[in-house]
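The values are calculated or read from the model by the stated rules, or taken from the named source; none is laboratory data. Remember, it's a predicted structure, so these values are computed and weren't measured experimentally. Every residue, glycine among them, receives a Cβ derived from its backbone with ideal geometry; neighbour counts consider all protein chains shown. Keep in mind that these areas ignore ligands, DNA and RNA; they rest on the heavy atoms of the full protein, side chains included. Shrake-Rupley method; radii C 1.70, N 1.55, O 1.52, S 1.80 Å.
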Amino acid sequence: VHENEFVYAHTFYNSNVLANVYMSTPNLPVRCEIKNTGTTGGAYMDQICSTVMSEGGYVEAGQDWAVHTANLIALSANATKPLMAIRLKNTFRTYKNRMIVRMGGINVFSDGQNINWYLVKLPSVANLTANAQAWTAVNNNSGIEYNIDLTAYTDGEEIDGGFVAASTTGGSVNNKTGGAPASNQPSSAKKNYIVQNFDSSNSEIFCIVVKNLTSSSTNVGTAIQWREIY
């Protein structure tokens, strides 16, 4: 609407015309992307003034999935290690993977020493270093892959965390006695999700990082749960 006049930007003509659905991904978010195609240095972009409105209201729905480390993983004395990471598959059911993924419950265990854990969001697969083990698909019906053979990461934003005492379990969901989850869960914040780039070839990443707070080695494990929205 410009100066009280409707200006039509695009009109769809789909009724009784197409042999298939006219929109396969109706839940795409407002988004933008900047990409350097030359040899110059980096750049930045500010994006403002976007609105999405729904006449029928909005209730976020999706499918919940979970994965855990099958065995405990060694953590050296005073070491910091990325323990598990998840990313979006490049394709999901033959289409570009346009789902949004929010992290849910997180639990971390240490069998011998006190540790600190935190959830970081990485902007790209290039920000995570993994060993030879390939990314593993969670399920054919899930759009997520995970990796537990990790060595290092760079440029991550910490969005959740906690401490785990030796031989106990620490988690981000405070409902072990039947209470409601804490209000500051990662999934409750609008910005705390991961998506693919425009080409659906380079996913953002959620990564669980652990830090040994002692001068003795320990073994650690994690279990995480997330929601896939599409």
Open item on the list: Could you tell me how many of the residues in segment 177-229 are within 15 Å of Met103 (Cα to Cα), in a loop (DSSP other than H, G, I, E, B) and at pLDDT below 90?
Closed with: 9
- [ ] Within segment 203-230, count every residue that is aromatic (Phe, Trp, Tyr) and surrounded by 22 or more Cβ atoms within 10 Å (Cβ to Cβ).
- [x] 2
Open item on the list: When you scan segment 123-135, do you find a residue that is within 18 Å of Ala152 (Cα to Cα), hydrophobic (A, V, I, L, M, F, W, C), in contact (Cβ under 8 Å) with a residue 40 or more places away in the chain and open to solvent by less than 30 Å² (accessible area, probe 1.4 Å), even just one?
Closed with: yes
TODO: Identify the single condition in (1) farther than 21 Å from Asn202 by Cα; (2) surrounded by 10 or more Cβ atoms within 10 Å (Cβ to Cβ); (3) modelled with pLDDT of 90 or more that Ala152 does not satisfy, given that it satisfies every other one.
DONE: (1)
TODO: Answer yes if at least one residue in segment 52-63 is open to solvent by less than 70 Å² (accessible area, probe 1.4 Å), of a type in the set (D, E, K, R) and within 18 Å of Ile224 (Cα to Cα), and no otherwise.
DONE: no
- [ ] Assess whether Phe12 counts as being of a type outside the set (S, T, N, Q), touching a Phe, Trp or Tyr at 6+ places or on another chain (Cβ under 9 Å) and free of Cβ contacts under 8 Å to residues at least 24 places away in the same chain.
- [x] yes
Open item on the list: Taking the condition of being of a type in the set (A, V, I, L, M, F, W, C), touching a residue at least 24 places away in the same chain (Cβ under 8 Å) and open to solvent by 80 Å² or more (accessible area, probe 1.4 Å), how many residues in segment 68-95 meet it?
Closed with: 1
TODO: Scan segment 115-124 and give yes if some residue there is among the small types (Gly, Ala, Ser) and more than 27 Å from Thr168 (Cβ to Cβ), otherwise no.
DONE: yes
Open item on the list: Condition first: open to solvent by 30 Å² or more (accessible area, probe 1.4 Å) and modelled with pLDDT under 75. Now tell me which residues in segment 157-172 satisfy that.
Closed with: Gly171
